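Peer 1: Before I ask anything, let me first share the structure, which is written out below as structure tokens.
What follows is calculated from the coordinates using simple rules that are stated; it is not laboratory data. No experiment lies behind these values; they were computed from the predicted model shown. As a convention, Cβ positions derive from the backbone with ideal geometry for all residues, glycine included, and neighbour counts pool all protein chains shown.
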Amino acid sequence: MPRYILLLCIIMMLAGCSYMSVKHLSSNPLSFDQEEELQMRYWDFAYVNKVKNDHYHIQGTAYPRQENLPGWGKWMHNLWITAYLSDDDGRVLARDLRVYPTQELDPQNGVPMDFRLKPDKMPGSEDIYITFGYRMQLTEDRYVDPSSQRPLTGEKSVFFASEKALAR
């Protein structure tokens, strides 16, 4: 019995040391009331950050980068976009997630974004950064189930793209 308690204590201690990191993602320094752009592998983000009472309010549009996506991909399923605030080391200070319904891929109009980020505490002497994460599946038809795979038939299937925070 004492071994299990010791093992549980070690696991709890290690879990307390972990954190979410976005150091591996492209980011911009935190700015206010000006249009910013951030280019990632499959999405471009155009946004404005404002301070509202006790939180940051990020509004903008995410545009799919058609040149990096398969030409047959016409419908987005399970699209999630997350906004992150992070410190110099990439540690996530705050995040907000939006989940979107299945919709047609629209590189011209993109997808609207509206995030509210409220960090528990802000480091006083460090720079703060904004970045985004995303997850999506593309199919050629609206009614194709993205969870089904047809590797033996040669039919086009599902394209999956994701960039997000990692646990460290």
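Peer 1: Please find the FRET efficiency linking residue 140 to residue 109, where r is the Cβ-Cβ separation and R0 is fixed at 22 Å, and quote it to the nearest 0.05.
Peer 2: 0.65
Peer 1: Which one, 49, 82, 68, projects farthest toward the positive side of the charge dipole computed for the stretch 33-168 from Cβ point charges (K/R +1, D/E -1)?
Peer 2: Of the options given, the answer is 82.
Peer 1: How long is the gain from residue 24 to residue 98 if the chain were fully straight, where each residue apart is worth 0.36 nm and the alpha carbon distance is subtracted?
Peer 2: That works out to 24.5 nm of additional length.
Peer 1: Mind checking the full-extension length gain between residue 65 and residue 34? Use 0.36 nm per residue of separation minus the Cα-Cα distance, one decimal, nm.
Peer 2: 8.9 nm
Peer 1: Ok, one more. Quick one: of 50/164; 23/74; 52/74, which pairs are farther than 26 Å apart, Cα to Cα?
Peer 2: 23/74; 52/74
Peer 1: Among all the aspartates and glutamates, which ones have a C-alpha under 15 Å from residue 118's C-alpha, if same-chain residues fewer than 8 places away are not counted?
Peer 2: Answer for residue 118, where 15 Å is the Cα cut-off: 54, 87, 96, listed by chain and number.
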